[in-house]
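The structure appears right after this line, and notes come after that.
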There are 2 protein chains.
Amino acid sequence: MKHNNQRKLNTGISVDCVIFGFDLEELKVLLIQRKTAQKAPDSRFSLPGDLIYNDETLDEAAIRVLKELTGLENIYLEQLGAFSALDRLSKIEDKIWLESIREQPNERVITIAYFALVNLNSFHPSPANFATSASWRPIQNVTSLAFDHHEIFESAHQQLKAKLQTQPIGFNLLPDKFTLSQLHKLYEAIVGKELDKRNFRRKMIKLDIVKKLEEKQVGVPHKPSNFYEFNQKNYQKLLKEGFDNFGF
Amino acid sequence: MKHNNQRKLNTGISVDCVIFGFDLEELKVLLIQRKTAQKAPDSRFSLPGDLIYNDETLDEAAIRVLKELTGLENIYLEQLGAFSALDRLSKIEDKIWLESIREQPNERVITIAYFALVNLNSFHPSPANFATSASWRPIQNVTSLAFDHHEIFESAHQQLKAKLQTQPIGFNLLPDKFTLSQLHKLYEAIVGKELDKRNFRRKMIKLDIVKKLEEKQVGVPHKPSNFYEFNQKNYQKLLKEGFDNFGF
DNA sequence: TAGCAAAACGTCTTAATGACACTTAGTAAT
DNA sequence: ATTACTAAGTGTCATTAAGACGTTTTGCTA
């Protein structure tokens, strides 16, 4: 990553981002891969993150990390919380790696985790940073990660699940035009269980946060699905009112 | 506060606690008062907090602050999030005060906020630290606070409201034995609106998180209220199942 | 033109919510 | 002792939401 030399790093505080994406089939996370090969099967993957600068807020730092890595801006981003275990950087494999990238590899760093939701289809990896070192991994395949990143990832996944029950944030993972089947599949992927198709549709339509478009799928070898778009206006209204009953 | 000289402070990270209490009438917050008198009507109040040590986690730091201030342990405590605005310590009145308590008053500090729920009745202020400098303030009276503490307070209040909708955390604010009227009053105080008495009772009883005791109020000039206790076991079960429908 | 595959659609039963008013148990005052 | 006062405690009905379940439709393909 390109660091501006004028700016002063805060060597005790970092941000890490759990970036979720949905490819209309599976829920995925964006992980970066260490340059040096490691023996442990999955520990070479980690969440994208960076130390913060002293002239930026945590939100700004997270936005910067996201931009540098994916080239995306204006994506859904929310603070998850701070992680401060004393041994969070002290796994032996991690230390070796840290020594190659940090000036003070033994300094204590607490990290503030963020979770982000991106629409995988509107996503064009920025070749320089991304293609070589980062990749989308199905969430089922995420077992162990570097540092305390697995704990952070699990915490993010849980929060995503919980939040979906009360707020329609799932739309951030879909393209502007989508079918109800895709939305359905997304919800099933996140909550991790089957949801009745008809009841799901009824609920979404009653909540009035989707608008039916005069456009259908073409070229599919079955009855084409209607496209819908997200109803921003009603969503905002629901956000304010708190919509208690959004559960399944 | 007594600082052990052996330990090394992390001068860039602090914790601040929003401690809620309920005196069976009103919802209150524990605020500390600066030693030096200030002209601004309320800005002399701030949230209890402290820089962290490098050999403690954030949770441990928050527990320490709480213990030092209130003498209480084992109270409900949850991380709220990190606050990192660049100007969060730069109000002029705050700077003067900071200079009197910090070695590097101009260093950037990000703070991790916690919110805590305590039962005001089982609360015995530790005379040394508490009585002189801290006091319970009704939440309506909390207008401006030092630093960015008002923002933190509001965020905590909002989270308390939101969380109450989906988890019965309110019990942490009540004594072991309480009446349904007290519980009712507490909920009204937190969500800030009237709740129908009968519907409220029905819901609590159906959720099966309260257990009726064979004990009544005595000495009240009206029909005495029955005491209840919190049903830990069912609460844990509900926590796991996620209990979608806890709204009003 | 027959077959295929996923989309679209409705009903019924059960459970939860919200609105609403009177009776009861104890204290305090006369 | 009777009366008055105060907050506690209780039930029903109408409306709305949830959960379970199978058949028809549309467009493509062979």
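The values are calculated or read from the model by the stated rules, or taken from the named source; none is laboratory data. Because the structure is predicted, anything quoted here is derived from the model rather than measured. Positions of Cβ are generated from backbone atoms using ideal geometry, with glycine treated the same way; all protein chains shown enter the neighbour counts. Protein only, heavy atoms only, side chains kept; ligands, DNA and RNA dropped before computing areas. Shrake-Rupley method; radii C 1.70, N 1.55, O 1.52, S 1.80 Å.
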Exercise. Which of (1) modelled with pLDDT of 95 or more; (2) over 15 Å from A:Phe115 (Cα atoms) is the odd one out, the single condition A:Ser155 does not satisfy?
Worked result: (2)
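Taking the conditions exactly as written (on the phi < 0 side of the Ramachandran plot, more than 13 Å from DNA strand D (Cβ to nearest atom) and among the charged types (D, E, K, R)), does A:Lys203 satisfy them or not?
Numbers: on the phi < 0 side of the Ramachandran plot: yes; more than 13 Å from DNA strand D (Cβ to nearest atom): no; among the charged types (D, E, K, R): yes.
So A:Lys203 does not fit the description; no.
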For this session: Using the structure shown, decide if B:Leu160 is buried (at least 19 other Cβ atoms within 10 Å of the Cβ) and farther than 23 Å from A:Lys163 by Cβ.
Result: no
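Matching residues to (1) open to solvent by 50 Å² or more (accessible area, probe 1.4 Å); (2) modelled with pLDDT of 90 or more:
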position	(1), (2)
A:Lys2	yes, no
A:Ser14	no, yes
A:Val29	no, yes
A:Lys35	yes, no
A:Ile52	no, yes
A:Gly71	no, no
A:Ile75	no, yes
Problem set entry | Count of residues meeting criterion [within 12 Å of DNA strand C (Cβ to nearest atom) and either among the hydroxyl-bearing types (Ser, Thr, Tyr) or closer than 19 Å to A:Ser122 by Cβ (or both)] in segment A:163-207 | 6
Exercise. In segment A:163-220, what count of residues is obtained for those that are within 14 Å of chain B (Cβ to nearest Cβ) and either among the acidic types (Asp, Glu) or open to solvent by 10 Å² or more (accessible area, probe 1.4 Å) (or both)?
Worked result: 10
Problem set entry | Residues that are surrounded by 11 or more Cβ atoms within 10 Å (Cβ to Cβ) and either near DNA strand C (Cβ under 6 Å from one of its atoms) or at pLDDT 90 or above (or both), drawn from segment B:221-244 | B:Pro224, B:Ser225, B:Asn226, B:Phe227, B:Tyr228, B:Glu229, B:Phe230, B:Asn231
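Kindly evaluate A:Leu89 against the criterion of being open to solvent by less than 30 Å² (accessible area, probe 1.4 Å) and closer than 29 Å to A:Asn172 by Cα.
Working: open to solvent by less than 30 Å² (accessible area, probe 1.4 Å): yes; closer than 29 Å to A:Asn172 by Cα: no.
For A:Leu89, the condition - open to solvent by less than 30 Å² (accessible area, probe 1.4 Å) and closer than 29 Å to A:Asn172 by Cα - is not met.
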